[in-house]
Every structure is written in C-alpha cells, then in structure tokens.
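A short write-up of the structure that comes next.
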Amino acid sequence: MDLRLTVDLPHDVDRMSTLRHVLDGALTGLGVAEQTRTDIGLIVTETWANVITHVRVGVAFQVRATVDEMQCVIEVTNPGEPITETLYNVMSSGHSLKVVRSLADDVSVDSDGLLMKVTKLL
C-alpha cells in the first residue's frame with residue numbers, strides 16, 4: 001500500500017482535520033496500533049500549528065503525508081519561494097517542534113522547498 005495525501009495551506013486550513021481522519025483510517029486499515037496512530041495525529045497537528053503560527057500571510061505551504069507498510073512520512077514544503085534564514089530558524093525550534101521530535105522517529109529540517117520531514121515508523 002502506498003497512500004499520499006496533500007493539503008495546501010493556507011487555502012485548505014479546514015481540511016487539516018480531514019487529513020488527520022483519512023490518515024488515521026488508512027493506518028487503521030494497515031493494522032497500526034492505536035498509540036502510533038495517535039502519535040501521528042499529533043505530529044500532523046503540531047506540524048500544521050508550527051506552520052500556521054510562524055509564516056506570514058500570503059505564503060503558500062503544503063503538508064504532505066505518505067504512508068507505506070513501514071512508515072508514515074509528513075513533509076512540509078514551500079513551493080515557489082526560497083527559505084530564508086529566519087523561516088529556517090523558526091521551523092527548527094519552538095514548542096510544536098519539541099512535541100513533534102518527542103513523538104517521531106526522525107525529524108529533519110532542510111532547504112530547497114522542503115521545510116520539514118517527519119518520519120514515524122509503523
């Protein structure tokens with residue numbers, strides 16, 4: 001199984017709960033334990049909160065979730081705009097990111113349009 005879901009922010013802010021529910025349904029179908037599904041839901045929520053809190057109005061972002069039999073990967077991308085040092089610093093710190101780091105198996109903050117990649121093993 002390979003599932004990919006993408007939500008565009010800020011246009012689809014109301015669809016973040018839909019992303020969490022669809023993702024949870026897919027993970028349930030794969031037989032993923034409830035605690036792992038809860039962790040992934042919190043990762044999505046906190047990643048989204050970090051983006052919404054720290055970006056300026058008018059900047060487009062995507063939150064993408066990819067699931068296979070081994071892992072769930074959440075990526076935050078910023079298509080079309082270079083990452084500034086200020087944005088990089090914000091995306092690599094803060095309360096939301098501490099929560100994400102405590103729940104995930106791997107968190108990386110990068111460049112070239114990929115702000116954050118969070119991996120949770122299933």
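The values are calculated or read from the model by the stated rules, or taken from the named source; none is laboratory data. Everything numeric in this text was worked out from a predicted model, so none of it was measured. Backbone-built Cβ (ideal geometry, glycine too); neighbour counts: all protein chains shown. The accessibility values were calculated without ligands, DNA or RNA, using every heavy atom of the protein model including side chains. Shrake-Rupley method; radii C 1.70, N 1.55, O 1.52, S 1.80 Å.
So if we plug the beta-carbon distance of S17 and S102 into 1/(1 + (r/R0)^6) with R0 = 25 Å, what FRET efficiency do we get, rounded to 0.05?
The calculated FRET efficiency here is 0.65.
Express in Å², to the nearest 10, the accessible area of V22 obtained by rolling a 1.4 Å probe over the protein heavy atoms while all chains stay in place.
Roughly 70 Å² of V22 is accessible to a 1.4 Å probe.
Can you compute the modelled spin-label distance between D68 and M1, with each label point 7 Å from Cα toward Cβ, in nm?
1.5
Provide the solvent-accessible area of H21, counting protein heavy atoms only and rolling a 1.4 Å probe, rounded to the nearest 10 Å².
130
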